[in-house]
Amino acid sequence: MTTTDPTTGPATGPTTGPTTDAPAVLDDLLASRWSCRAFRPDPVPEATIDEILLAAGRSPSWCNTQPWHAHLVTGAATDRLRAAMADGIARGVYEPDVPFPPSYEGVYRDRRRVSGWQLYEALGVERGDREASGREMLRNFDLFGAPHAVVLTTTASLGTYGALDCGLFVQSFLLAAQARGVATIAQAALAGQAPVLRDLLDLPEDRQVLVGISFGYAEEEHPSASYRTERQGLDELVTRVEV
């Protein structure tokens with residue numbers, strides 16, 4: 001069995017393997033995790049945040065490069081982040097380091113539309129009400145009221161595979177937070193403010209902004225808390241190839 005250093009997390013070495021209830025625990029975390037769009041102002045204890053970050057840091061990466069770096073924004077810095085992005089939006093800043101999809105076609109467009117309609121229905125926003133939907137979109141840059149955020153960056157030279165590894169970090173972060181009763185939302189929208197984030201966080205030029213994660217404790221009475229997205233069944237998800 002390995003020992004754990006509280007500053008670096010578990011060391012690499014033999015383990016006892018998963019417990020017998022591990023599949024049920026993981027399945028429950030995957031099923032219960034959701035993208036929270038309304039947070040209470042109560043801060044998450046620093047020790048809990050450290051646990052989440054260390055757990056996410058156990059994510060696998062190509063050749064153990066661990067290309068991710070998490071810029072944790074908390075306290076007064078969260079308000080500075082909100083203000084900086086509000087100013088960026090007002091100035092028309094839209095410059096992601098990694099290009100966003102130019103369009104959504106076919107089934108991807110359909111899923112995106114259904115997801116958006118379900119959210120707006122939960123919020124009482126009528127279809128076609130661009131003003132109301134625009135206000136909801138701008139809540140991304142207020143971090144949905146979350147007291148904390150992580151801005152995740154990677155080294156540009158590692159290209160697509162560095163970004164892929166960071167996706168594993170994001171998933172691990174979301175599940176580690178869920179396991180501790182902490183709500184989260186991963187936000188690609190924040191990456192559109194890459195120049196603003198680069199200035200605010202003093203990022204080196206070789207770091208690419210990939211995504212933000214806002215987190216805290218959910219405001220469970222908010223209308224958005226009832227919204228959940230649909231998922232593919234096995235018939236859509238899998239093509240079985242048999243020899």
Would you mind stating whether Leu138 is closer than 15 Å to Arg82 by Cα, among the aliphatic types (A, V, I, L, M) and either open to solvent by 20 Å² or more (accessible area, probe 1.4 Å) or not in a helix (DSSP H, G or I) (or both)? yes
Going through the range 188-197 in order, the residues found to be within 13 Å of the chain's Cα centre (by Cα) and surrounded by fewer than 21 Cβ atoms within 10 Å (Cβ to Cβ) are Ala188, Ala189
For Phe100, the lone unmet condition from (1) aromatic (Phe, Trp, Tyr); (2) free of Cβ contacts under 8 Å to residues at least 40 places away in the same chain; (3) under 22 Å from Arg198 (Cα atoms) is (2)
Residue identified as closer than 20 Å to Gly57 by Cα and assigned to a loop (DSSP other than H, G, I, E, B) among Gly159, Gly181: Gly181
Six or more apart or on different chains, Cβ atoms under 7 Å: show the pairs whose first residue is in the range 174-200 and within 13 Å of Ala218 (Cβ to Cβ) and of a type in the set (D, E, K, R) and whose second is at pLDDT 95 or above and open to solvent by 10 Å² or more (accessible area, probe 1.4 Å). Arg180/Thr48; Arg180/Glu51
Can you confirm whether Pro23 is loosely packed, with under 11 Cβ neighbours inside 10 Å and either over 19 Å from the mean Cα position of the chain (by Cα) or assigned to a loop (DSSP other than H, G, I, E, B) (or both)? yes
Residues of the range 118-135 being within 18 Å of Pro223 (Cβ to Cβ), among the charged types (D, E, K, R) and part of a helix (DSSP H, G or I), which ones? Glu121, Glu131, Arg135
Tell me, yes or no, whether the range 154-173 has at least one residue that is closer than 30 Å to Trp117 by Cβ and in contact with a Lys or Arg (Cβ under 8 Å, 6 or more places away or on another chain). no
Looking only at the range 146-158, count every residue that is of a type outside the set (Val, Ile, Thr) and open to solvent by less than 30 Å² (accessible area, probe 1.4 Å) and tell me the total. 5
Extreme residue, modelled with the highest pLDDT, among residues of the range 95-121 that are closer than 18 Å to Arg135 by Cβ, open to solvent by 60 Å² or more (accessible area, probe 1.4 Å) and not charged (D, E, K, R): Trp117
Can you give me the number of residues within the range 84-133 that are under 14 Å from Ala188 (Cβ atoms) and in contact with a Gly (Cβ under 8 Å, 6 or more places away or on another chain)? 4
Does the range 223-242 contain at least one residue that is surrounded by 14 or more Cβ atoms within 10 Å (Cβ to Cβ), of a type in the set (A, V, I, L, M, F, W, C), in a loop (DSSP other than H, G, I, E, B) and over 15 Å from the mean Cα position of the chain (by Cα)? no
Total residues in the range 159-169, condition open to solvent by 70 Å² or more (accessible area, probe 1.4 Å) and of a type outside the set (Ser, Thr, Tyr): 2
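The values are calculated or read from the model by the stated rules, or taken from the named source; none is laboratory data. Note that this is a predicted model, so its numbers are computed, not measured. Positions of Cβ are backbone-derived with ideal geometry, glycine not excepted, and every protein chain shown enters the neighbour counts. We work out accessible area using only protein heavy atoms, side chains counted, and drop any ligands, DNA or RNA first. Shrake-Rupley method; radii C 1.70, N 1.55, O 1.52, S 1.80 Å.
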